[in-house]
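The block underneath contains the structure these notes are about, expressed in structure tokens.
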Amino acid sequence: MAAVRVRQQHQHQQVQQPTTPPSPQPTIIRRKKTNQKFEKTMLIVFIGIIAVLGVLVLNKQAAIQTTSMDIQKIESETEEIAKQNVDLTVRVSELSTYENIWKKAKELGLTQNEKNVKVVPGE
């Protein structure tokens, strides 16, 4: 009887042990490698396109800046030439007066001879 009691206690102890539910396996989602390669390739292409467009924009901005500086330089040169033209026009009007012409003629030794004067009819 003692052996039966030991077996019953042993079976009773096995029943009392809590049973743990099996731990669920985490679900692993596997992606196809071709999609990953395609996505990486597209990302590299996209970054490359953005870099090329950025360089083109900077290049155009530099060209615009250079052209703008050239325009300002030409405008300042035209203003300077316009001032010189005004000064020269004033000087021509000062030098073309009758007194200045007569003074220069005397310096060159010219005299007024009414016999050599010919009158040309004007329009």
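Every number in this text was worked out from the coordinates using simple rules, so none of it is lab data. Remember, it's a predicted structure, so these values are computed and weren't measured experimentally.
What list of ³J(HN,Hα) couplings, whole Hz, do you get for the stretch 60-75 from phi and the Karplus terms 6.51, -1.76, 1.60, once you set θ to phi - 60° and write x for glycine and proline?
So the Karplus estimates, Gly and Pro as x, are 5, 4, 5, 5, 5, 4, 5, 5, 4, 5, 5, 4, 4, 5, 5, 4 Hz.
By a straight-distance test (C-alpha under 18 Å), which lysines pair with Lys40 as possible cross-link partners, with residues fewer than eight away in the same chain excluded?
Lys32
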